[in-house]
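**Q** Let me begin by handing over the structure; questions about it come next.
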Amino acid sequence: MDADRGVMSGAQKFVQEDMGVTDGQLEVLIGATNIYSLVGSVAAGWTCDRVGRRRAVALSAAMFLAGSAVTAAANGYAALMAGQLVAGVACGFGLVVAPVYIAEIAPARSRGFLSCIPEIAINSGILLSYIADFALADLPTTLSWRLMIGIGAVPPLFLAAAAVFAMPETPRWLVLHGRTDEARRVLARISGDADRRLQEIVASVREASPKSAGESPPGVWREILVHPAPAVRRVMVAILGLHVFQQASGVGAMVLYAPRVFSHAGITSDRAVLGATVLLGTVKTVAIVVPLFLADSLGRRPMLLASAGGMAASLLVLGISVRAVATWWAAAACVAAASAFMAMYSLGFGPVIWIYASEVLPLRLRAQGTGIGTALNRVMSALVGMTFISMYEAVGMAETFYIFAALSAAAWVFVYAFLPETKGRSLEEMESLFDTAVANKPSPRATLS
């Protein structure tokens, strides 16, 4: 999804010139893509539970390939919307399925490391899309943006092939559907003690099943939203809060509208604007490597706290720089602050919330609960994408970033107050962790150590 938005960041100017798309239509096009991904994220939870995590990954990749192809071939605004509809649904699927798949397939000791890989792939896609935008900018307008978007169809092709021919199904889904022999074979490939891990998973699934004979299992939606157990309620508050604050930080605005922000700060050359955008993508991609190695050793909470604090400070400086008179130093400060914001986002609120949200839900609720969180994430992303231009025109560019800074500061408070540490724990331990999360909240010293 973010890679698609990275392409649109550089391509939007050429789409507007070639297709006659207005700023208002562009806001709707970008925001509607997030609404479409909302549909995909809600449907993905059900699909994951019915057909399996692996097949859902393949389906997501196939739809994304089709969406990129349709968008690149569009001959009007309606066709653009149709292509983004398919790509948006695919992205919603991917944002749910990838973290669920990795959380269930990865050993506890390396779950944070492995769960960062999709975020690294996303950021690499954003960077490559920025580079493609820069490299293709001098081609004829009607060709340049189509190639920018069409290139995005290549990675899903390889992902679909990998899902079909190489990726195993997760052992937890197999146990949930009574296929314990297959689950044992998968665990033998990925775990050093397959029999013990299988017993733990089987016990967790049985414990989650209805105890009374003849009693039908409560609906997943009812158990999550209507009558949740106290531990499930705390889990959902943590997940939904993280998703709200991730997008409320304004990261979607920076990914989508960085060229506009840099132009506002006084960078006038198209190639200079796209070059600054490439720098932004480079910083975001390099920084994402840090949580790959620290998520399992340092822990989730310290990384989220450092990320939120750094984002708030960077956004404050960014607001000051775009308010200043358009000079070379103001432009340099704007690019530096935007890069610092992207780096701090990639250190925590980019990858770690997906790790956290996918690992804390009980198995019986994991796919649907992750889908609900992702759906809210897409709603927030759509709100930011559809209102950013109107917001900065109404209250000012600097004031818009001050608002994002305040929301990032609120994210720090939320993480500090509500989120227990999860590093090193098995997925079967998470529900009991949230049962005791309030009583055993870490001290301030332990939180930052």
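The values are calculated or read from the model by the stated rules, or taken from the named source; none is laboratory data. What you see is a predicted model, and the numbers here were worked out from it, not measured in a lab. Backbone-built Cβ (ideal geometry, glycine too); neighbour counts: all protein chains shown. When the accessible area is computed, the model is the full protein with side chains, heavy atoms only, and any ligands, DNA or RNA have been set aside. Shrake-Rupley method; radii C 1.70, N 1.55, O 1.52, S 1.80 Å.
**Q** If you find the alpha carbon centre of segment 11-30 and of segment 85-99, how far apart are they in angstrom?
**A** 23 Å
**Q** Rounded to the nearest angstrom and ordered from largest down, what semi-axes does the equivalent ellipsoid of segment 252-291 get from its C-alpha gyration tensor (root of 5λ)?
**A** Equivalent ellipsoid of segment 252-291: 21, 11, 6 Å, largest first.
**Q** Report the accessible area of Ser60, computed with a 1.4 Å probe over the heavy atoms of all protein chains in place, in Å² rounded to the nearest 10.
**A** Solvent-accessible area, nearest 10 Å²: 10 Å².
**Q** If you take every residue apart from Trp145 with its C-beta less than 11 Å away from the C-beta of Trp145, what net charge results, scoring Lys and Arg +1 and Asp and Glu -1?
**A** On the way: positive: Lys13, Arg146; negative: Glu17, Asp18, Asp133.
Charge balance near Trp145 sits at -1.
**Q** Turning to a different aspect of this structure: At a 1.4 Å probe, what is the % contribution of carbon and sulfur to the accessible area of segment 1-102?
**A** Working: 2190 of 3130 Å².
With neighbouring chains kept in place, the figure for segment 1-102 is 70 percent.
**Q** Shifting gears a bit: Sort 70-76, 297-303 by the packing proxy (mean of other Cβ within 10 Å over each peptide's residues), most packed first. If you can, show how the numbers build up before the last one.
**A** Working: 70-76: 17.0, 297-303: 19.4.
By packing density, highest mean first, the sequence is 297-303, 70-76.
**Q** For the chain, list the DSSP H helices whose alpha carbon atoms reach 20 Å or more along the long axis and whose average Kyte-Doolittle value is 0.0 or above?
**A** Working: long enough: 2-19 (23 Å, -0.69); 23-51 (41 Å, 0.56); 53-72 (29 Å, 0.86); 77-105 (41 Å, 1.67); 117-136 (28 Å, 1.34); 194-208 (21 Å, -0.41); 230-248 (27 Å, 0.94); 270-287 (26 Å, 1.04); 300-323 (35 Å, 1.01); 328-347 (29 Å, 1.43); 363-395 (46 Å, 0.66); 397-418 (32 Å, 1.54).
Membrane-span-like by this criterion, though nothing is claimed about a membrane: 23-51, 53-72, 77-105, 117-136, 230-248, 270-287, 300-323, 328-347, 363-395, 397-418.
**Q** Would you calculate, for the chain, the mean residue ellipticity at 222 nm contributed by helices, counting each DSSP H stretch of 4 or more residues as -39,500 (n - 2.57) and dividing by all residues, to the nearest 500? Intermediate values should be presented prior to the final figure.
**A** Details: 22 runs with 350 residues, N = 449.
Dividing the helical sum by the residues of the chain leaves -26000 deg cm²/dmol.
**Q** Which translational diffusion coefficient, to the nearest whole µm²/s, is obtained for segment 227-269 from the Stokes-Einstein equation, given a Kirkwood hydrodynamic radius over C-alpha pairs, 10 °C and 1.306 mPa s? The partial results should precede the final answer.
**A** Working: Rh = 12.9 Å.
After rounding, the answer is 123 µm²/s.
**Q** Give me Rg over Rh for segment 268-307, both radii from the alpha carbons and Rh done the Kirkwood way, two decimal places.
**A** Numbers: Rg = 14.8 Å, Rh = 11.9 Å.
Value, to two decimals: 1.24.
**Q** Probe of 1.4 angstrom, ligands and nucleic acids ignored: what's the accessible area per residue over the chain, in square angstrom?
**A** Working: 17440 Å² over 449 residues.
I get 39 Å² per residue for this part.
**Q** Still on this model: R0 = 30 Å: FRET efficiency of Val289 with Ile320, Cβ-based, nearest 0.05?
**A** On the way: r = 29 Å, r/R0 = 0.97.
FRET efficiency, Val289 to Ile320: 0.55.
**Q** Next question. Order 44-53, 245-254 from most to least packed using the mean count of other Cβ atoms within 10 Å. Provide the component values of the computation, followed by the final result.
**A** Values: 44-53: 21.4, 245-254: 24.2.
Most protected by this proxy first, the peptides run 245-254, 44-53.
**Q** Next question. What does the extension gain come out to for Leu143 and Leu157, with contour length at 0.36 nm per residue minus their alpha carbon separation? Present the calculation step by step, with values, prior to reporting the outcome.
**A** On the way: separation 14, 0.36 × 14 = 5.04 nm, distance 2.22 nm.
Extra length from Leu143 to Leu157 when fully extended: 2.8 nm.
**Q** Take each of the peptides 230-239, 331-340, average the number of other beta-carbon atoms within 10 Å over its residues, and list them starting from the highest. Walk me through the intermediate numbers first.
**A** On the way: 230-239: 19.4, 331-340: 21.4.
Final packing ranking: 331-340, 230-239.
**Q** State the extension gain, in nm to one decimal, for the chain segment bounded by Thr387 and Arg179, taking 0.36 nm per residue of separation less the distance between their alpha-carbons. All intermediate terms of the calculation are to be shown ahead of the outcome.
**A** Details: separation 208, 0.36 × 208 = 74.88 nm, distance 4.77 nm.
Length difference between fully extended and current span is 70.1 nm.
**Q** Can you tell me the length gained on complete extension of the stretch Arg50 to Arg222, counting 0.36 nm per residue apart and subtracting the Cα distance? Let's see the in-between values first.
**A** Values: separation 172, 0.36 × 172 = 61.92 nm, distance 1.81 nm.
Contour length minus the Cα-Cα distance gives 60.1 nm.
**Q** Another question, then. For the chain, place one equal point scatterer on every Cα, skip the solvent, and apply the Debye formula. What is log10 of I(q)/I(0) at q = 0.08, 0.13, 0.14 Å⁻¹?
**A** Reported log10 I(q)/I(0), two decimals: -0.45, -1.15, -1.31.
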